Amino acid sequence: MDTFEIQTQQRNEFIDITDRVRHHVKRSGVRQGICVVYCPHTTAAITINENADPDVVHDMLLWLNRTIPKDQPGFRHDEGNSDSHLKASLVGPSVTLLVENGEPVLGRWQGVFFCEFDGPRTRRVHIQSLGA
């Protein structure tokens with residue numbers, strides 16, 4: 001398993017980590033199998049989506065922030081980040097990629113993103129590839 005840190009800059013942001021995932025898979029020596037990318041934080045997530053047009057990330061963050069605003073009447077969590085926990089739960093803590101010929105299988109426009117919902121912070125990401 002590989003672990004790396006990410007220093008986020010904003011409260012809500014998506015950071016493209018596709019190159020780090022590809023590097024891990026190549027270093028792992030796995031030719032056929034799976035690669036799991038996991039975030040061990042309750043206010044951050046991992047997703048796969050389009051990385052060719054930055055407007056897609058903008059629109060996703062816009063929707064998440066409109067749908068789950070930071071301050072809502074009735075939130076009781078003392079840290080003031082209940083919205084971050086909700087966003088992280090909706091997006092999810094991990095993705096699993098197929099590995100074929102030593103490469104993660106992604107669509108033409110797809111990338112792997114670390115999703116920060118309670119930054120800025122220093123975060124960790126774990127990546128593990130399994131197979132032959």
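Rule-based calculations on the coordinates, nothing more; no lab input. These numbers were taken from a predicted model, which means no experiment stands behind them. Heads up, the Cβs are rebuilt from the backbone with ideal geometry, glycines too, and the neighbour counts pull from every protein chain shown.
Quick notes
- Residue among 90, 117, 101 farthest towards the positive dipole end of region 86-132, charges placed on Cβ: 117
- When +1 charges are put on Lys and Arg Cβ atoms and -1 charges on Asp and Glu Cβ atoms, the dipole computed for the chain relative to its Cα centre reaches about 360 debye.
- Taking every DSSP helix (H) stretch of at least 4 residues in the chain, weighting each as -39,500 (n - 2.57) and dividing the sum by the residue count yields a mean residue ellipticity at 222 nm of -8000 deg cm²/dmol.
- With at most 10 neighbouring Cβ atoms within 10 Å, loop trypsin sites (Lys or Arg not before Pro) (DSSP) excluded, longest segment of the chain: 1-75
- Under the criterion of Cα pairs below 8 Å and six or more residues apart, the relative contact order for the chain equals 55 percent.
- Take the Cβ atoms of residue 75 and residue 42, set R0 to 22 Å, and the FRET efficiency comes out at 0.90.
- For a label point 7 Å along the Cα-to-beta-carbon line of residue 67, residues of region 80-114 with backbone N under 13 Å: 86-92
- FRET efficiency for the pair residue 9 and residue 105, taken as 1/(1 + (r/R0)^6) with r the Cβ-Cβ distance and R0 = 30 Å, rounds to 0.50.
- Cut-off 13 Å between beta-carbons: net charge of the residues surrounding residue 131, Lys and Arg +1, Asp and Glu -1: -1
- Tail beyond 19 Å, pair distance distribution of the chain (Cα, percent): 50
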